[in-house]
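One structure is given here, and the rest of the page talks about it.
The values are calculated or read from the model by the stated rules, or taken from the named source; none is laboratory data. What you are looking at is a predicted structure, and each value in this text was computed from that prediction instead of being measured. FYI the Cβ positions are ideal-geometry reconstructions off the backbone, even for glycines, and counts take in every protein chain you see. We work out accessible area using only protein heavy atoms, side chains counted, and drop any ligands, DNA or RNA first. Shrake-Rupley method; radii C 1.70, N 1.55, O 1.52, S 1.80 Å.
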Amino acid sequence: MTDGDSGDTTALDDPVGESLRGRHADLGRRAGRAATYLPDVATFSAVPAEADAADWADLARLLGRDAFADMFSCPATPPPDWEPVFVLEGRQMIWPAGSRPDEAPAVTGTDVVELGAADVPEMLDLAARTRPGPFWPRTPDLGTYLGVRDSGRLVAMAGERLRPPGWTEISAVCTAPEVRGQGHAIRLVTALVTRILAQGQRPFLHVADTNSEAIALYERLGFTSRKPVTFRGFRTP
């Protein structure tokens, strides 16, 4: 039985740190108790919730001077000389243990495909137009990404991001404005949920509180809110 099957949500309290200590260790850098992803993969960084001055100094050395530190949902407070960049209120949502998704309706004339290295330019373009969250040239290295192609053109995508023990995060859910309302996000998220469950993991995701449309969609699919989170970014001294 995996952590996901047991319903253990402890790893979700530090999803970035848990991912970098485990399945994403080869995609990041570590110094002491501080960790961060490689710059072209993700900007997320992590220190312990009870971080001390040494932890912040280690992270500053990893990132360099005047660098962006996306602390994701880490509750630790950096030293006063770390400049605040943004604060965003959101929530963490999880897939209920033992639940299976309903089959998503098909959309005529479109195909759901697994995306690879050759698709990265189109993925970057779609992310730039729809702004689903941070997306960099090697972000697809974090997990599997699926897309919807309409007449050969990539019009929607979603993929796997953070991967703490027992869990896989669904992220980068986005649809081109001209084809919204056709059920592409439902098809992609349903396909990812099915895939993640088949691997013995449980899906989870994060969403901004202001994105009421996305929250309603995830709730309709079966996700439930686990806890509120505050996303924060800083600039190193």
Counting DSSP beta bridges with both ends in the range 125-227, the antiparallel % (nearest 5): 75
Length released on extending from A53 to A118, taking residue separation times 0.36 nm less the Cα-Cα span: 19.1 nm
Relative contact order %, the chain, counting alpha carbon pairs below 8 Å whose residues are six or more apart: 31
Residues with amide H under 5 Å from that of T168, placed H, sequence gap 5 or more: R202, F204
Length-normalised contact order of the range 105-189 in % [C-alpha pairs under 8 Å, at least 6 apart]: 31
Of all DSSP beta bridges in the chain, antiparallel share, percent nearest 5: 90
For the range 158-237: rounded, prolate or oblate by the Cα gyration tensor [a/c cutoff 1.5]: oblate
Charge dipole magnitude, Cβ of K and R +1, D and E -1 - the range 89-193, Cα centre, debye nearest 20: 220
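Let me know the charge dipole size of the range 162-234 about its Cα centre in debye, to the nearest 20, where only the beta-carbon of Lys, Arg (+1) and Asp, Glu (-1) is charged.
Working: 9 positive and 5 negative charges, 54 e Å.
Rounded to the nearest 20 debye, it is 260 debye.
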Most positive-pole-ward Cα, G32, P79, A60, against dipole of the range 27-90 from beta carbon charges: G32
For the chain, size of Cβ-based charge dipole, Lys and Arg +1, Asp and Glu -1, in debye: 140
Mean separation of Cα contacts under 8 Å, 6 or more apart, over the residue count of the range 156-237: relative contact order %: 25
Stretch gain in nm, segment V179-L217, where the contour uses 0.36 nm per residue and the Cα spacing is subtracted: 12.0 nm
Computed [θ] at 222 nm, deg cm²/dmol, the chain (DSSP H ≥ 4; -39,500 (n - 2.57); rounded to nearest 500): -7000 deg cm²/dmol
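Between rounded, prolate and oblate, where does the chain land on the alpha carbon gyration tensor, with a ≥ b ≥ c its root eigenvalues, rounded for a/c under 1.5, else prolate if a/b exceeds b/c? Each step should come with its number before you reach the end.
Details: a/c = 1.89, a/b = 1.51, b/c = 1.26.
Because a/c hits 1.5 or more and a/b exceeds b/c, the chain counts as prolate.
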1.4 Å probe accessible area per residue over the chain, in Å²: 46
Among T139, V179, P48 - extreme Cα towards positive end, dipole of the chain, charges at beta-carbon: V179
Centre separation in Å (Cα based) which lies between the range 122-152 and the range 15-54: 23
Ranked packing of 166-174, 115-123, most packed first, by mean Cβ within 10 Å: 166-174, 115-123
Helix axis angle, 120-130 relative to the chain longest principal axis, alpha carbon, degrees: 90
